[in-house]
1. Report the one residue of B:Ser219, B:Phe386, B:Asn303 whose Cα lies farthest in the direction of the positive end of the charge dipole of chain B (charges on C-beta: Lys and Arg +1, Asp and Glu -1; origin at the Cα centre).
2. Report relative contact order for chain B in percent, whole number only (criteria: Cα-Cα under 8 Å, sequence separation at least 6).
3. If R0 is 51 Å, what FRET efficiency do you get for A:Met253 and B:Trp341 from their C-beta distance, rounded to 0.05?
4. Residue by residue through B:288-300, how many Cβ atoms from other chains fall within 10 Å of the Cβ on average?
5. Taking θ = phi - 60°, what integer Hz values does the Karplus form 6.51 cos²θ - 1.76 cosθ + 1.60 yield along the stretch A:151-163, in sequence order, with x for Gly and Pro?
6. Can you tell me what share of the DSSP beta bridges in chain A is antiparallel? A percent to the nearest 5 is fine.
7. D for the protein assembly as shown, whole µm²/s, Stokes-Einstein with Kirkwood Rh over alpha-carbon pairs at 37 °C and 0.692 mPa s: what number?
8. Work out the mean other chain Cβ neighbour count within 10 Å for the residues of A:409-415 and drop it here as an integer.
Amino acid sequence: MTDRLRRTALGALALLLGLAPLACASAPAPASAAGTAEAKEKPKSPKNKKMRKEGMPASGPEMRRVTEAAYASTYKPIPSQPVLIRNATVLTATGDRIQGGSVLLRDGKIAAVGANVEAPAGVTVVDGTGKWVTPGIIDAHSHLGVYASPGVEAHSDGNEATNPVTAEVWAEHSVWPQDPQFPLALAGGVTAMQILPGSANLIGGRSVTVKNVPARHVDAMKFPGAPYGLKMACGENPKRVYGGRNRSPATRMGNVAGYRAAWIEGAQYRDQWREYEEESKNGEEDPDMPDRDLQKETLAGVLDGDILVQNHCYRADEMLTMIDIAKEFGYKIAAFHHAVEAYKIADVLAANDICSDIWADWWGFKLEAWDGIRENAAILQKHGACVVIHSDSAEGIQRLNQEAAKAMAAGNRMGMTLREEDAIRWLTINPAKSIGVDKQTGSLEPGKMADVVVWSGNPFSVYSRAEKVYVDGALLYDRNDPAHQPVMDFELGHRTGNEVDQ
Amino acid sequence: MRKPLLLLAGLALAALPAAAETVVITGATLHTLGSQGTIQNGSLVIENGRIKAVGANVAAPAGARTIDARGKVVTPGLFDSLSRIGLVEIGSVEGTADASVEDDRVTAGFNVADALNPRSALIPVNRIEGLTRIVAAPSTGESLIAGQGAVIHLGGPGDFLVRSPVAMFARLGEAGARLAGGSRAAAILRLREAFEDAKDYAANRKAFDTGDRREYALSRLDLEALIPVIRGELPLVIEANQASDIEAALRLAKDYKLDLILAGAKQGWKVAGQIAAAKVPVLVTPMENLPGDFESIGATLENPARLHKAGVTIAFMSGEAHNARNIKQAAGNAVAYGMPWEAALAAVTSVPARIWGISDRYGTLEPGKDADVVIWDGDPLELTSFPTAVFIRGKEMPMTSRQLELRDRYKDLSGPMPPAYRKPQP
């Protein structure tokens, strides 16, 4: 980092910290040119020294938090009036089913759930007779916005396939909020999703978790307080992408060497910051603040426990290897994604508290998916492991309820007794847990975000459709009311009913 | 609609397996898709591989095995009108994918029947979920005309070809334009050139053989393959999605008197009246509703319902192999978005039978038809229903698959021996 860049960056930091801006702080700081020769120089002007004392971050995690603040969620729930949904079959995702139940949404939160909920004065009552109510569906694995429709080259923003380790990229900086796939997912009852980079790289970058609300910028969609995820990928994809260019990784062992090399660097970086933190604490005169490095900063964020590892991995043996690597470097894997062979190691996944974010029945499209079975979810459930039905698809995200239904039915065909109140958890509280937002949403419990879907019938029937979708208490989709059906810019003129040829 | 039993060169008519069992299915709700409609508490007799009798009061033949199907639902076996089963084992594994060729000549002579694998591991996986017949179709590799497809049944390797060739397959739209050098107009031009050459060749074979005819853009075998197409004897399936491409296909069919079938037709609802007037059947994938490319803008889950309402003949296709079984989910979604239930079931049974010219043998539960019969534990289009028995041409299929063997190996992870020792009993 040049002196100028360092100073402007520090100025921007000072702004974020609410300090008086420095003279040179008005220009936005370009991304750090990490690892350049210039970065080795460590200019220490008196100005720098003074700043550190007055408000520079005292630790690596603090530095991350401060810089992330520039990109913080600006999401504000859309204003809403209280709503009471009455006399519906309510699946709470806490394991309960309430027949003839009610759910009260007030001030953007779930205010009450139960068989008998008093209607407050002035509340809008929704008759739920014959209908089912569930928490909003959460897709733990989406590429909406980063692989937007139309899927032309100009919209291919999900894989920074220029280096096997690109921990420095953030999916949110590719998200096109006008992607017409967002409202289609909303019509399928999806109220939140994790958007991930693709799987071309060993370490593909940060994910972003969003509320499924139309907005002009991703910041206004970002789920408040959601942790970042780090996308990692096993198996065929990285070795194909880079092996095809005659560079590492070209094999699975090359994959593993690549992850380990990256984590060694991430750990060193974390240690440099710890040293600096120690020096600062001890009141040393001129503590040596490490140069920032976006790639290592994200890796250190995982090692510090702030960023959740979201690991694309198909084969059982490779998942076990990934668990070994996590042990070597002291991080936790939040979820294996796709996890087509998770059923073969359901006991290990349960013991390690790792979610399996899976398709209901995709299989065979490549060799590492050859052993995919419809009972994957059921066998995981049977062994007490965390099951998440994810989409990884702009079509699949529209009917995650149907996918869960197939997985549930396959388990029952095997002799289990899986019920709707079990399967709903695969779509709501479990994905919330796997992306770290289960305290805020994912179940119908008082105090949680009022992310709620009213279905025309049993959501695990092919004939049922989401009728009303509330996000933080606001009715963002109503199948029977065009006023509550968002249309993105791209589809204006095509889907609004004014076309000549309709 | 195709005429059944049209005598074509290369047409294979599968003989029924010998010594098929006599079975009577009793007490079921029978969706016959035929003149008897839906029969409550009815019986169906399978004899010599065929449906012998169907009705509310049917006597069981002496010695017949009885299947008590009270509370169950019986339908014809399901049909996927455009599939890669038998052509693709694992798409990304070279050596197991035979649906297309990287050859930029017009490959009209390419016939999937020469590549089909009736022992594919994908067949049992799909069969135990009620799929009994498919059109195995070539996909476009580098050629505008992909080649010829075949109807096969999934009941085992014996005589698996039901009708071959059943149709020629080609593409228009964005993919067609790319294959023709970059413009939709070039794609139409290439097709016209192919048809013109085939016509000229058909009238001047002798002169061609002696070298006394102009050069053609196509090879001799490709021209031969196109002759039944330009004579209207072999259907041409054109995949097109944009309304203007559909219109171009309709014009082409009119000019050359082609027996056209449309596939895809995501914007079909915009020109439904024209398609219906031209009496052109359409193969649709009901769950595709993304504006995934510019020719799919306006794609909607209501496309099947809107086409149906306009009087268009519709059958459903998966366009894939491993999960072709989900065609029943696709049909269920078409119902959820406005198509009548009976029409959606017909779109995977009786309607494809008519479109593909095999309705004399398959597509309804009526006496004389091949006994492709599925007993379901519930509504066949529902996500939670499975077949309890599947018959193909009168033969009861084993309800096993490699996938179920994996399930049974791993459903309990305890035990002293490694999983490799848990295997099906012979």
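1. Working it through, the farthest residue towards the positive pole turns out to be B:Phe386.
2. On the way: 984 pairs, mean separation 83.3, N = 426.
Computed over chain B, the figure is 20 percent.
3. Values: r = 54 Å, r/R0 = 1.05.
Given R0 = 51 Å and the Cβ-Cβ separation, E is 0.40.
4. Working: counts 1, 5, 10, 14, 10, 4, 2, 1, 3, 8, 7, 4, 1.
Mean inter-chain Cβ contacts per residue within 10 Å come to 5.
5. After applying 6.51 cos²θ - 1.76 cosθ + 1.60, I find x, 8, 3, 5, 9, 7, 10, x, 10, 7, 7, 10, 6 Hz.
6. Numbers: 33 of 61 bridges.
Looking only at bridges with both residues in chain A, the antiparallel portion is about 55 percent.
7. On the way: Rh = 30.0 Å.
Answer from the Stokes-Einstein relation: 109 µm²/s.
8. Numbers: counts 7, 5, 2, 2, 5, 4, 1.
Mean partner-chain Cβ count within 10 Å for A:409-415: 4.
Read the figures in this text as sums done on the coordinates, not as results from a lab. From a predicted model like this one, the values you see are computed outputs, not experimental measurements. Glycine gets a Cβ as well: all are built from the backbone with ideal geometry, and neighbour counts include every protein chain shown.
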